[in-house]
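Here the structure comes first, spelled out in structure tokens, and everything after it is commentary.
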Amino acid sequence: MTTASTEPNPLDSSAPPTQRLMSVDALRGFDMFWIIGADSLVAGLNQLTKSRPASFLADQLEHVEWEGFHFEDLIFPLFVFIVGVSLVFSLGKTIQQAGRGEALRRVFRRSVLLFLVALFYSGGFSHSWPDIRLLGVLNRIALAYCFAGLLFCFLKPRALVGVCCTLLTVYWALMAFVPIRDIQLTKSNLARLAEQAGDPGTAAVFQAPGNPSTVKDSSAWSAAENMFYGTTKWVRGKYGPGYNLSDHIDFQYLPGKKWDNFYDPEGYLSTIPAVATCLLGVFAGLLLKNQLIPDKRKVLYLVAFGVAGVVVGWIWNLQFPVIKKIWTSSYVLVAGGYSAILLAIFYLIVDIWRVRAWCQPFVWIGMNSITIYLASNILGGEGFVRLANRLAGGDVRMFFDQHLGRGAGELVLALVGLGLAFWFVHFLYRRKIFLRL
């Protein structure tokens with residue numbers, strides 16, 4: 001019980017750690033749910049019904065092409081946010097029981113293991129160099145966890161807030177004020193420039209299919225380098241695809257496969273604001289861990305912080321657009337704000353009201369999120385939906401399409417795929433099998 005004169009700091013973690021929060025596991029599982037096949041479920045429903053709500057949901061489960069924000073653009077940063085929430089409890093407990101040294105060893109060990117798993121996820125050494133991706137989704141999670149974990153081990157909450165604000169501000173300043181060459185590194189634009197220069201041969205090289213960054217001694221890559229380094233005009237404050245500081249740094253210095261031909265959405269520079277996303281999760285974790293604050297007030301704090309983040313992020317969007325592929329600072333605030341609001345909802349329902357039966361399947365997924373992510377990758381293609389095709393594809397799918405309407409077969413496939421995924425994680429959960437990195 002506190003009075004107004006002794007209002008607790010919501011980021012004060014001096015209180016002892018609480019028990020594991022089911023809401024955090026459920027939210028992590030909810031996030032993964034959309035990755036392992038729920039998007040196919042919505043796509044099938046949209047084909048079948050052609051209703052406005054289904055069409056809206058299907059649209060929200062597609063990434064925006066560049067600027068803007070859909071629900072699909074929340075899935076990745078939400079996971080990074082949850083990593084920040086979780087490390088408060090795990091590292092906080094380790095520091096309390098075994099000391100900071102052991103916590104640091106845990107951070108390094110888990111980061112390295114996750115980074116190695118990320119390389120395996122991206123194909124490992126199944127392809128020859130340079131067709132090997134060194135930075136990707138899991139790699140970004142590993143790096144964000146590593147830096148946020150190190151900062152958590154050494155800094156107090158107020159200092160962490162200062163670091164988070166500094167990361168977002170510095171990234172914006174770099175992107176806005178550091179000059180770049182006046183050239184857009186997309187295949188279509190480079191082909192257009194070559195045609196304008198009267199070089200149809202080079203234009204044809206860029207128009208050919210394939211990723212130039214994956215081919216040794218690629219003629220398209222060499223041509224792009226010649227055009228890039230031959231550009232003498234410099235510009236500032238550009239945020240277009242292949243036309244910004246982050247993408248240009250990847251083109252110059254990131255070895256191996258680049259996801260977008262000449263640059264990567266999980267490249268070097270955009271890792272800076274990704275660490276800030278993880279720190280936003282740390283702040284939420286510190287709030288939830290603080291036993292001096294009543295639980296319902298924690299929900300209000302989370303919602304207030306979330307709304308503030310969304311509002312400030314969209315205001316910042318006017319100067320520094322919300323763009324997932326370069327993880328802009330405005331995108332961090334918008335995604336972090338929505339993440340905090342979702343956490344508040346899950347925390348209220350699951351851990352305060354203790355209404356839990358509905359979220360149990362999400363908990364199964366959330367407690368083995370990396371396992372099911374890897375399993376889906378190993379299955380290839382659409383993961384468990386692809387496996388479901390062996391049970392409900394072919395004539396079975398055609399039967400539902402013919403008798404219920406087009407899209408019904410895809411809907412059935414998605415339901416079977418999700419059923420297999422839930423069976424898999426439930427099997428692991430019942431036998432207490434959890435992948436701990």
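Readers should treat all values here as calculations from the given coordinates under stated rules, not as data from a laboratory. For clarity, every value in this text was computed on a predicted model and none was experimentally measured. Note: ideal-geometry Cβ built from the backbone for every residue, glycine included; neighbour counts use all protein chains shown.
Quick look at the numbers
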{"item": "√(5λ) per eigenvalue of the Cα gyration tensor, the stretch 75-163, largest first, Å", "result": "28, 15, 10"}
{"item": "The stretch 9-149: radius of gyration over Cα atoms, expressed as a fraction of 2.2 N^0.38 Å", "result": "1.32"}
{"item": "Binned Cα-Cα distance frequencies in the stretch 366-405 - 5 Å width, integer %", "result": "7, 23, 18, 17, 13, 10, 9, 3"}
{"item": "Ranked by how many other beta carbons lie within 10 Å on average, peptides 91-97, 29-35, 180-186 from highest", "result": "29-35, 180-186, 91-97"}
{"item": "Normalised per residue, the volume of the convex hull around the Cα set of the stretch 351-437 (Å³)", "result": "122"}
{"item": "The stretch 353-394: chymotrypsin sites (Phe, Trp or Tyr not before Pro) in DSSP loop, at most 10 other beta carbons within 10 Å", "result": "353"}
{"item": "Subset of 258/324; 93/258; 257/325; 187/325; 187/233; 216/238 violating a 28 Å alpha-carbon distance limit", "result": "93/258; 216/238"}
{"item": "Over the stretch 259-307: Kirkwood hydrodynamic radius from C-alpha pairwise inverse distances, Å", "result": "13.0"}
{"item": "Peptide ranges 208-216, 106-114 listed from the most packed, as the mean C-beta count within 10 angstrom indicates", "result": "106-114, 208-216"}
{"item": "Neighbourhood charge, 9 Å Cβ-Cβ cut-off, centred on residue 407 and excluding it, Lys, Arg +1 and Asp, Glu -1", "result": "0"}
{"item": "Helical segments meeting 20 Å axial Cα length and Kyte-Doolittle 1.6 threshold in the chain (DSSP H)", "result": "75-98, 137-154, 271-289, 329-346"}
{"item": "Net charge over other residues, Cβ less than 13 angstrom from the Cβ of residue 93 (K, R count +1; D, E count -1)", "result": "+3"}
{"item": "The stretch 34-91: Rg to Rh, with Rh as the Kirkwood radius over Cα pairs", "result": "1.14"}
{"item": "Net charge of Cβ neighbours under 15 Å - reference residue 319; Lys, Arg +1; Asp, Glu -1", "result": "+1"}
{"item": "Mean projected area (nm²) of the alpha-carbon convex hull when the stretch 86-234 is viewed from all directions", "result": "12.0"}
{"item": "Mean separation of Cα contacts under 8 Å, 6 or more apart, over the residue count of the chain: relative contact order %", "result": "28"}
{"item": "Rg(Cα)/(2.2 N^0.38 Å) for the stretch 189-339, N = residue count", "result": "1.41"}
{"item": "Two-decimal log10 I(q)/I(0) for the chain, as the Debye equation yields it once each C-alpha is a single scatterer, q = 0.09, 0.14 Å⁻¹", "result": "-0.64, -1.41"}
{"item": "Difference of contour (0.36 nm per residue) and Cα-Cα distance, residue 225 to residue 192", "result": "10.3 nm"}
